[in-house]
Every structure is written in structure tokens, then in C-alpha cells.
There are 2 protein chains.
Amino acid sequence: MKNRFVIENSFFGKYQNLVRKKMIPYQRKVLDDAVPGVEKSHAIENFRIAAGLSEGEHYGWVFQDSDLGKWIEAASYSLMLEPDPELEADMDALIEIIGKAQMEDGYLDTYFIIGRQDKRWTNLQEAHELYCTGHMLEAAVAHYEATGKTSLLDIMEKNVEHIINTFGKDKKRGFPGHPEIELALVRLYKLTGKEKYLELVKYFVDERGTEPNFFEAESKERGWTVWRSNALDQKYTQNHAPVREQKDAVGHAVRAVYLYTGMAGVAMETGDKTLIDACHTLWKSITRKRMFVTGGIGSVDNGEAFSADYDLNNDTAYSESCAAIGLIFFAKKMLEMEKKSEYADVMERALYNTVLGGMSLDGKNFFYVNPLEVNPEYAGKVMNYLHVEPVRPSWFGCACCPPNIARMLTSLNRYVFDETEDTLYNHLFIGGELDLADGASLEVKTGYPYDGNIVYTFNGDYNRNLAVRIPDWSKSFRIELNGVEIKPEIVDGYAVIKAPFAAGDEVKLILDMTPRKIYPNVLIRDDEGAVAVQRGPFVYCLEGVDNDGELRNIRIPKNAEIKVLDFEPETLEGIVPLEVDGVRLTSSESLYSYDSRPTETAVKLRMIPYYAWANRGVNQMQVWTKEI
Amino acid sequence: MKNRFVIENSFFGKYQNLVRKKMIPYQRKVLDDAVPGVEKSHAIENFRIAAGLSEGEHYGWVFQDSDLGKWIEAASYSLMLEPDPELEADMDALIEIIGKAQMEDGYLDTYFIIGRQDKRWTNLQEAHELYCTGHMLEAAVAHYEATGKTSLLDIMEKNVEHIINTFGKDKKRGFPGHPEIELALVRLYKLTGKEKYLELVKYFVDERGTEPNFFEAESKERGWTVWRSNALDQKYTQNHAPVREQKDAVGHAVRAVYLYTGMAGVAMETGDKTLIDACHTLWKSITRKRMFVTGGIGSVDNGEAFSADYDLNNDTAYSESCAAIGLIFFAKKMLEMEKKSEYADVMERALYNTVLGGMSLDGKNFFYVNPLEVNPEYAGKVMNYLHVEPVRPSWFGCACCPPNIARMLTSLNRYVFDETEDTLYNHLFIGGELDLADGASLEVKTGYPYDGNIVYTFNGDYNRNLAVRIPDWSKSFRIELNGVEIKPEIVDGYAVIKAPFAAGDEVKLILDMTPRKIYPNVLIRDDEGAVAVQRGPFVYCLEGVDNDGELRNIRIPKNAEIKVLDFEPETLEGIVPLEVDGVRLTSSESLYSYDSRPTETAVKLRMIPYYAWANRGVNQMQVWTKEI
């Protein structure tokens, strides 16, 4: 997809502005320890020390370098959205430092360059060297795409060359404890066309999970540890079986979906059928058995990990923001490979709910953990809920999620369209303008996600089909071509409107935004007897502030109608609330009562989109409500 | 209560025989490391080494001595049930070893006597010295009561004398990290009438939770640790506030109820109103907000602890067998103080459900953890369920629960009646014969817990009232005196049949055993929309083996009738199963479905008493089932 798509200043345009104007400058300062009261990052200072420009010790996590990588990547996307010479110059200066920090042989990881050079590449399980390379590599590709400059790309190609010289079949054995480099190498390969990069990913992907167990062997030899990880906990690092034999999505959820994205990338570039099958298997494991209705993944905090089929506890969920982003990466790769709407459906679900929910509306506070139900009496206080925050904290010592959200939102335009030889696919409904060949363009106008009308206008002739996604949540739809209803063929969830299009042609897609009740699979223990509500891409929730505080005793009658209220532009930066005729139960004060069912009182329930919760102070929230 | 009550060979008689004939001999061998394949206990060998009769190091937990104490206590009760000269001689021999192990100054704890004498009394928070004293003290009292011998009592009075000389207002400051000695000292006081024992308990109770924090001070001074406990986690040890200011039942559940039992004992002996109030407050905290319907307590495995109000997750519950036993101790003390049926109701609930459930029907296997819902796909495998066992293991390295169950069941006759100056109270409905004054006796005949008819026959004249408990679960009841219905006054849950009674007088209590549906308080998040079923004292459950394996998709219709099936003497050692017209739901295979509620199929559900579950292999179980 080389066509440039510019997102208009609507729903996501506002988010992009927030990221560009607030988050990126703020994060830049945090990385340089220039925000009073915020925990020291030291990420930039580590590079300065490694470069000999400053003195001191390495400070921060073993993966601290990746924070700078993610920031450069996000800033590069930001440049693509709108030129910013000052930002670009700042990045040049940072890249110069990175270059100076790099060792003669191409090695680049400040945790080891500063005082631990003898330990380089001795602890792939824990030490995140290849993970950091992956992020800086993604930054290099984005920086080149944004500026045409090869400064960071040169550094990182030299770094990858060093890795190629180090690891491989007849060299040192190894693969990353935390996948990321796989998907980054696929990007580098696609940019440069150099086969050696694809070979390196293939090596990492194929070697993983093979016998003898590499992490175990490594841990016996190295004599040091970062955080006493159990080398025998193979599932945590998806090292329990060769990737083609892995049946379930297991272990650390971010690692898992980063790995699967890399696998899908290799599968797509090589056409390797066995790898494609493995991707299908793992995709199904996630989306059929291990995904929250918000598109969040990772059921348990210990290990930030997948757990077991249908183990989807709403209030103890981990559902890390980064994992939802990784799921979007995976979905996008699958979508590049196969134009099936289920991938885009999941992408949209994760984006509009968990990713957006990961950030406060003012862009200043962030959730790592995105449970579907929170009771502040328990969150952060009671065992099993200690990882749950009832409001978004301002920044994290482990800063993975905020910059990941930043790069996701600034690069969102890359997720909207895909063009194949004969068809232009529209996956996400976002207003803006898409460049087409020969000076033509496609204008998208829409009130989405508030309404379901999307109008595509061709400026110039276009000779391929236009395939628009029919989302799984839209019960019906209508398509018009120049004002006349048409009935295009639906192929794998896309309505394919046949080419050619002439300048001025207008396609109108009208989706059904009627709220839908969602029923869970009966094997999800935690959702037994409950219902969730979705309108368009938004999963809705009850929040205490709208509903007299207490949510546990609220029920939704089986026949309850859901009323769509008017758009409220001033509420939570603009939402369409829902109103449900609900019931509030009252029981006696005793813990258990014989025979007497609680009494029911009719109440009007107000629901808001899940992503917008926790912007009005500490209170209860829940997505799933029991029916009565 | 000095009247001897002999339990007949019915429901509990069989349990007592099991404990006497199987558990006690088996445990004796385990404590002496004489059962091949069972983890070494070393409890007796530790005493031999301390006594200079054997050589070696201390082995086992810091509280290993208490295992022997609990065994001697249980064996003493066993002697009271039926003389056993061989067992008595064996106990004499063991007591001789204990006596030799005791130090000159009265100190007695093998963990410290063997090689750690310089560390005596330096780590009350962690080292369980006073806890072990408590258990051996209970053993000494029971041994004296059973045999009239003072051998162990002398040892333990000398030990307590040493403790009195060590701790107190003008001596060393201190109180136990794990309460137990408090309730034991009350027993010793009641046996001997010596005020100094009551003074010592009062000191321990009053000092607890006062400033400056004792455990913190101690941890700073001592320079060693047993298991790196956090001295600042005051709630775990109920050291967060003076006991009279404690508002919620918190921390390690066994410690909590042992403490409260000691507090109630002191309150009763002293009439201290402020302490009685504290007992009421903590009793209410447990039974109104923090107790499972099975009488289990302790919601979370981390810390084996209470958590927060209404945090009663069925499948991650800890609900330790020992904690239920401790709750019975607490209830019994409250009942001695105040004749209110709610204490006996809770006692019965914990006994018939969690305590009995803690043991397999053959007396060989034991649960520590008694959740109300188990899915073997998760239990012991998935994070947050790692503490859950889907079947009872045979024995434990930490052996607290099995001997606790043994002493509970062998001393059960002490929980059945209480006699005051003017009234004989019957708390539990167990067949047998109670000695009354002047050669009279009361015979109790009942088919309980299978049926609800209890017949009391006086053999000889009796000049006090007979107060029989009307259980909370019995919707109606009928009382007959010599075949004629009477309507006695109900006082605090007891039907008081007025004295006098003549020889041959027969009182018949007919309780209503109609199954009751139990509805949870609407603030219990995990029970939302669910119902439980109870018949008589038994909480019922669904077990997979009776219900086609899968329970998550089972629902009970709101109007469902519960049919009482015939008594099955051969099933699970004799049960009365229930049959419910239920529903099984089928949803599509997808994780979430729009608008379409799962389809319903009528099924006959078979329910069995909770205590009897997990005696037929690995399968699902649940107490609470969602209504539909």
C-alpha cells in the first residue's frame, strides 16, 4: 500500500493532533528527563553515555532503548502527517547520538555497551537486545519513509548486518526472548528488497521452539540474570514448540502477537503454506477463544499473559494496551495476505475500544491494563486486583504502552486502505483523502463512528474495484452508486463495487448503527447470563457516575430496548450515549437469603462507549451486565 | 459444659470411627515417618533429637511441633470416645519424650532447641513458638480430660510459666504472629482456675496492634528471618489496630478466627464489654460480608486471607478447611457467651459443608482449599487457580488441615449441647446420649441430616428447660411433647420447652427439610444472578459426573421446582440427591454473538451435597448456578 491517505480532522484527526501536538513533545521531554515529577527515563542519556558524550551508568530497564525507538517511529509518522522542521532537526540530532553510540562492529544496545560489553548476546531470553533492535529498526524504516534520509537506516542496517554475522545455522544459535525484530525485519526487507533480511527472520521464526531448548541451555551457560526468569517456562516466550506446531495462543500476550505478526509477514513474503496454516490456527485461538469483547487480549496479570480457553475474567483481566496494538499488527498482516473482513473487524474492535481506552481524552494519562469491569473498592487494593488501576496514571516507569499508542495513532492512515492489482479495499471507516494513481484521488466523507454513512467520491478516473467492508456488527446495509441503490457481490465480508469509476462517481455506504446486544459463548464462565451492548464499532459500558454509583445490582431485562440518545458534543469530547430500561435489585442486608429473590426497581441506565470511561474520576465500570 | 454426650453410630458416628480407626493411626505413622511414599514429617524425630534420644538436625516447618500437639489432642478425644490402652500407652511414651525435650527453664520448641537456642523468642512474628505452645497446651488439657493424667499438663504448665516469666508489661514485649495460644490459655484457665493464665491471654490480646509496631521493631533487631515476611503487613497478622478498634475481619483467615476465639474467651471470662463489642463487630464482618455460603472463609490464596467485603469469588476462593474449623471455634465461644441461634447456624454451615468437604469419604485424602466452583481445565494450571486442587491430595507437607479435621470430629460431642443454670441448649442435631445430673440422661434419636425429625427422650427427671435450635434454613417446624403439639416461646432462635421434665418425657422436633433456594446479596459480584440450593444443613452442588460434564452452560429456571429424591445409601456413603428441572444452553462456536441468545434445552439436573463432591474422579463442580 503506497497510496498516501490523509485523515481529515474528525474523530481520529483529533486524536492524531493530540498525539502530534501534546504526546510526542511531552514524551520527548520525558525521555530526556525534563519533566519534573515524572520518573526518570534516562533513555536518551543512556545513548549519550554510550556515545561518549556524557558520563555515568546505564539507568532504566534492560529494554530502555526501545522507548527512544518507539518515539522516533511515532515522530516520523508525525512528520508524514505534517512537516515540522524543528522536530526533524531534533531527530537528526538524536540519530547522530545513536550513531556515535553504536559500536565498531555494528552492535547497538546501551544496556550492554555501558559497562557490560562482555555479556553481549549471552542472555537472549531476558535481555531484550533483539527486541530493542526491532523497535529501532521500525523507527529507521519510518524515518526514511518520512524524510528520505538514510541516517538511521544506515545505522540499523549496520546493526542488522552484525546480527546476521552473529546468528544463524552455522553461527551462534539464538532468537529473541521478546519477539519484535521479526516484524521489523519484514518491514526492512519490504523497504530494501534485500533477501538477507528475510532470511534472518526466517531463521528466528524457524529456530524458535526447537530442541534442545535454547533458553535453558543459555541460562545454564551465562551465569547471570536480569530478573530470574524461569528458563523452563517455555510458554511465556512462545518457545514451547516449533511455531508451526503451536496450537494455542499462549504466554506473554504482547510477545505472542508480535511473533505472530512476524510469522504472518514471512508467510506472506514466502507463501509458506505451513506458516500460513500456523497463523490461521493462532488467529483462531485468539479470536474464537481468548479475546475480550473489547479486542483486548491477555487474561492474567502474572506474565501479562494468555491463560486458557474461555478464561476471560472481566475484572481481573490484564488486556494490555500494547497487546491490543500487537493484535492490530497481526490482523493487518493477515489482511494484507487475505482480504477477509474478520481481520478488519478485529482490528476495528481492538482499536476503537482497547487502544483508545488506553489513553485519557486529554492524552496525558494511560492505562496499561484494560479490564472490562472495575470496582475501585478492589482495584489496586485486593489480591488478584492489584494490577488494576481505577483511573489512568500519568506515566509509567515501564513506558511501553504510551509510545506504542502514539505510533499506532500517528500511523493509523496505513490501516485504512489496501490496494491490490484489481481492487481497492477499505477496511476502516475514516474520513480523509486517498491518493490514487495518475493524480486521481478518493475522498471519504463520513460522520463515522457517530453515524454509519460513508461517502466515497472519486476525483479522477479509477480502474479498479472498490471493496468496502461490511462490519460484522452491521445487521443490514445499503450501497448507492451516484444516488441509485446497487447490490454488489459480497466477497469475504467486503461489498465489491465493480470498476471502472469515473471522476465524480460517488459511492455511498450506509451501515446500520442500531445498537446490538452481544451474547457470550456459554463456556465463558465470567460472562454467564450477561449481555454487552455495541453500537457501530463501540462496545458500551455502564459507568458509576452515570448510574448512581453501584453497578453490581443492575440488570438488563431480556426484552429491554436500547434507545440511542442524541449526539452530545460536549460530553467526553463527543459521544452518542445509549439509554436502557434497566432494573436495580435490592436485597436484604444479609449475605444470603432463603427463597426471597431480590426486589426489582425500574431504572434508566445510561451507557457510554467503553473507551471514554474513567475520564470523570474514580468510579465503578462494567461492560457485561447480567440479564434478568 | 461438663455433661458427657456420646454420639451414636450414625452420620457423625461413622466419621468419628473413620477418624479413630483410620486417620489417627495413619497420622501417627506419618508423624513418625513410617509411611512410605509420604513426605517426611520428622515431627516426632524432632522431639527425640531435642530430648537427646536421637541425633540430627531439625527438619520441617517452623511450626512442625504443632502437628504432634494436634495429634495428641485428637488422640485424647478418641480415648474419650472409646478406651484404647495401646493408644494411651503410646501417648505416654510420646509425652515422656516431650518432657525430655523441654529445656530446664521450661522452654519447649524443637525448632529452636535444636541448634538455634540463641534465637529463642527473637521472631514472634514468624517463628510460631507461641502457636506451637498453644497447640501442645490444648493437647495437654485434652489429655488430662481424657486420662486424668497430668504428665503433659505439668510439662505445659511449666512451659507457660516460662512464658509468663518472659513476656508482660514490665518484661519482654510480645504477642504471637499466629494466634492460637490465646484460645488454649483460656482452656487452661478454665481447667485450672489459675488467674495468671487469664492474665497472660489478656496481655497478648491487649498488646496486639498497639503502637509502636512490635513486629516492625522486632524485625529490625533480629537480623534473621524464616520466610521474609513483610513486618509492615500488619493486617496479615491482625496487628493493624488494637483488637477493640478492628472493624473488619482481615488477613490470614485461620489466624483471624483463632484470635477472635481467644478474644471471645477472654470476654466471656472477664465480662469485658469493649471486648464483647469487638467480637460482635468481627463476627458480623465475617458472617454478613465475608463468608461463603458453605461457611468457608478466606477469599484469596495469597496470604490465605480475607480480602474485602463481598469479594467472594467461588472459583478462586481459598476457604481453607482450618479456617472453617476456626470459625466453628469462634462460633462456639460466642454461643457459650450468648445463646443465639445465629452462632449455631454458622457452626452447622461450616461443619456440614466445608469441614466435611475437606476430607474424602474414605478419610484418606484432604482439601486445604475448598472453592465453591472448580473447572479442572483451570484448577492447578491457570494463574489465579494454581492453588485449587480438582481432587483431594493424600497428605500435605504443611499438615495443618488433616489433624485439625481429626480433632474437630473427635471432639464434636462438645459442640452439641450447652447447659446453663436453667436451660439445656441443643445446638446441633446429632443422635446420641447425654449424661445429665443425678444419673439421668437424655437420649436423642434422629435420622438427621437425612431427615428433620429429632426425638429427645428423658431418662430420669430433669429440672431445667430444653431449648432446641430452630435452624435458619427451616421454613417451619413442629414441636410435640409426648405426642401433643406445643407452641413454645422462641428466644433468639431457640424454642424453649419449659421445665420440668419427668422420666419418659419425649420431645419431638420436626424440622422442614424442604430444599431452599438461596439468593446472594446483590453486592456479591461473583454470585450475580445465581442461585444456590440447600436442604437441611447441606449446601448442594452440581458435579460434572452427574450432569454430562459441562456445567458452565447450565441454568436453573426461576420457577424450577426442586425434587427430593429417595435416600441412596450406596451413593457416596449415603446421600439424598436432588433433582431440578434445568436448562442447558447452546451457543454458536463463536466467542461473541450479536442479538442471538443461546438456545435452551431442558435437562434434569442432579445435585448432591457439596461435602461429597470430588469422590468420583476429576470433574467440574459448582455451588452457584445462574438463573434464567
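When the range A:535-571 is filtered for residues that are within 8 Å of chain B (Cβ to nearest Cβ) and either within 28 Å of A:TYR448 (Cβ to Cβ) or in a strand (DSSP E or B) (or both), only A:ARG555 remains.
The numbered conditions (1) open to solvent by 20 Å² or more (accessible area, probe 1.4 Å); (2) under 17 Å from A:LYS364 (Cα atoms) are all true for A:MET23 except (1).
Here are the criteria: (1) buried (at least 22 other Cβ atoms within 10 Å of the Cβ); (2) within 24 Å of the chain's Cα centre (by Cα). Tell me which single one B:SER394 does not satisfy. (1) is the only condition that B:SER394 fails. Inspect all residues belonging to the range A:270-283 and state whether any of them is within 14 Å of another protein chain (Cβ to nearest Cβ), out of contact with any Phe, Trp or Tyr (no Cβ under 9 Å at 6 or more places or on another chain), open to solvent by 20 Å² or more (accessible area, probe 1.4 Å) and at pLDDT 95 or above. No, because not a single residue in the range A:270-283 is within 14 Å of another protein chain (Cβ to nearest Cβ), out of contact with any Phe, Trp or Tyr (no Cβ under 9 Å at 6 or more places or on another chain), open to solvent by 20 Å² or more (accessible area, probe 1.4 Å) and at pLDDT 95 or above. Scan the range A:198-233 for residues that are open to solvent by less than 10 Å² (accessible area, probe 1.4 Å) and at positive phi and the total you get is 1.
Which residue out of A:ILE181, A:ILE113 is aliphatic (A, V, I, L, M), more than 20 Å from A:LEU94 (Cβ to Cβ), in contact with a helix residue (DSSP H, G or I) (Cβ under 7 Å, 6 or more places away or on another chain) and open to solvent by less than 20 Å² (accessible area, probe 1.4 Å)? Matching residue, one of A:ILE181, A:ILE113: A:ILE181. Of everything in the range B:26-36 that is buried (at least 16 other Cβ atoms within 10 Å of the Cβ) and of a type outside the set (A, V, I, L, M, F, W, C), the residue that is farthest from B:ALA146 (Cα to Cα) is B:ASP33. Selection over the range B:359-378 of residues that are more than 18 Å from B:THR571 (Cβ to Cβ), touching a strand residue (DSSP E or B) at 6+ places or on another chain (Cβ under 8 Å) and not hydrophobic (A, V, I, L, M, F, W, C) gives a count of 4.
Has the range B:199-209 got any residue that is over 28 Å from the mean Cα position of the chain (by Cα) and outside any helix (DSSP H, G or I)? So that I can check it myself, show each step before the final result.
Applying the first criterion (over 28 Å from the mean Cα position of the chain (by Cα)) to the range B:199-209 yields none.
For the range B:199-209, residues over 28 Å from the mean Cα position of the chain (by Cα) and outside any helix (DSSP H, G or I): absent.
If you filter the range B:324-342 down to residues that are open to solvent by less than 10 Å² (accessible area, probe 1.4 Å) and in contact (Cβ under 8 Å) with a residue 60 or more places away in the chain, you find that the one that is nearest to the other protein chains (Cβ to nearest Cβ) is B:LEU327. Of the helices (runs of 4 or more DSSP H) contained entirely in the range A:1-116, not one carries at least 3 residues that are without any contact (Cβ under 8 Å) to a residue 12 or more places away in the chain and of a type in the set (S, T, N, Q). Checking the structure you have, find out if any residue of the range A:368-387 is under 28 Å from A:HIS135 (Cβ atoms), open to solvent by 30 Å² or more (accessible area, probe 1.4 Å) and more than 14 Å from chain B (Cβ to nearest Cβ). Checked the range A:368-387: no residue is under 28 Å from A:HIS135 (Cβ atoms), open to solvent by 30 Å² or more (accessible area, probe 1.4 Å) and more than 14 Å from chain B (Cβ to nearest Cβ). You will find that of B:ARG414, B:ARG407, the residue that is of a type outside the set (Val, Ile, Thr) and buried (at least 22 other Cβ atoms within 10 Å of the Cβ) is B:ARG407 and no other. Screening the range B:443-520 for strands (runs of 3 or more DSSP E) wholly inside it with 2 or more residues that are in contact with a strand residue (DSSP E or B) (Cβ under 6 Å, 6 or more places away or on another chain) and β-branched (Val, Ile, Thr) returns the ranges B:453-459, B:494-497, B:506-511. Each residue in the range A:244-268 was checked for being β-branched (Val, Ile, Thr), open to solvent by less than 10 Å² (accessible area, probe 1.4 Å) and more than 10 Å from A:PRO179 (Cβ to Cβ), and 1 pass. Here B:ARG349 fulfils each of the conditions (1) under 17 Å from the mean Cα position of the chain (by Cα); (2) more than 11 Å from every other protein chain (Cβ to nearest Cβ); (3) open to solvent by 10 Å² or more (accessible area, probe 1.4 Å) apart from (2).
Please specify each residue of the range B:417-432 satisfying the condition of being touching a His at 6+ places or on another chain (Cβ under 9 Å) and either open to solvent by 10 Å² or more (accessible area, probe 1.4 Å) or assigned to a loop (DSSP other than H, G, I, E, B) (or both). Break it down stepwise before answering.
Taking the range B:417-432 first, the residues touching a His at 6+ places or on another chain (Cβ under 9 Å) are B:417-418.
Answer for the range B:417-432, where residues must be touching a His at 6+ places or on another chain (Cβ under 9 Å) and either open to solvent by 10 Å² or more (accessible area, probe 1.4 Å) or assigned to a loop (DSSP other than H, G, I, E, B) (or both): just B:ASP418.
Is at least one residue of the range B:225-242 within 27 Å of B:ALA101 (Cα to Cα) and in contact with a Lys or Arg (Cβ under 9 Å, 6 or more places away or on another chain)? It would help to see each step written out before you state the result.
If we filter the range B:225-242 for residues that are within 27 Å of B:ALA101 (Cα to Cα), which is where we start, we get B:225-227.
Cutting the leftovers down to in contact with a Lys or Arg (Cβ under 9 Å, 6 or more places away or on another chain) gives us none.
No: zero hits.
B:TYR236 passes every criterion in (1) touching a residue at least 60 places away in the same chain (Cβ under 8 Å); (2) out of contact with any strand residue (DSSP E or B) (no Cβ under 7 Å at 6 or more places or on another chain); (3) buried (at least 17 other Cβ atoms within 10 Å of the Cβ) apart from (2).
In the range A:579-628, which residue that is acidic (Asp, Glu) and loosely packed, with under 14 Cβ neighbours inside 10 Å is nearest to B:LYS517 (Cα to Cα)? So that I can check it myself, show each step before the final result.
Kept after step one, since they are acidic (Asp, Glu), are these residues of the range A:579-628: A:579, A:581, A:589, A:595, A:600, A:627.
From what's left, loosely packed, with under 14 Cβ neighbours inside 10 Å: A:589, A:595.
On the way: A:GLU589: 17, A:ASP595: 5 Å.
Per the stated criteria, the residue is A:ASP595.
If you check B:TYR144 against the conditions, is it modelled with pLDDT of 95 or more and open to solvent by less than 10 Å² (accessible area, probe 1.4 Å)?
Working: modelled with pLDDT of 95 or more: yes; open to solvent by less than 10 Å² (accessible area, probe 1.4 Å): no.
Answer is no for this residue.
Screening B:VAL416, B:VAL388, B:VAL455 for residues that are aliphatic (A, V, I, L, M) and either without any contact (Cβ under 8 Å) to a residue 24 or more places away in the chain or farther than 28 Å from B:ALA74 by Cβ (or both) leaves exactly one candidate, B:VAL455.
Checked against the criterion of being more than 30 Å from B:GLY303 (Cβ to Cβ), at pLDDT 95 or above and open to solvent by less than 30 Å² (accessible area, probe 1.4 Å), the candidates A:THR446, A:THR457 yield just one match: A:THR446.
Per-residue answers, yes or no, for (1) open to solvent by less than 30 Å² (accessible area, probe 1.4 Å); (2) facing chain B (nearest Cβ under 8 Å):
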site: A:GLU489; (1), (2): no, no
site: A:ASP492; (1), (2): no, no
site: A:VAL496; (1), (2): yes, no
site: A:ILE510; (1), (2): no, no
site: A:PRO515; (1), (2): yes, no
site: A:PRO520; (1), (2): yes, yes
site: A:ILE524; (1), (2): yes, yes
site: A:GLU528; (1), (2): yes, yes
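Which one is farthest from the other protein chains (Cβ to nearest Cβ), of the residues in the range A:284-312 that are open to solvent by 30 Å² or more (accessible area, probe 1.4 Å) and in a helix (DSSP H, G or I)? Per the stated criteria, the residue is A:LYS284.
The values are calculated or read from the model by the stated rules, or taken from the named source; none is laboratory data. Everything numeric here is computed off the predicted structure, so don't read it as measured data. Counting neighbours? That spans all protein chains shown, and the Cβs are built from the backbone with ideal geometry, glycine included. Side chains are part of the model used for accessible areas, which takes the heavy atoms of the whole protein and leaves out ligands, DNA and RNA. Shrake-Rupley method; radii C 1.70, N 1.55, O 1.52, S 1.80 Å.
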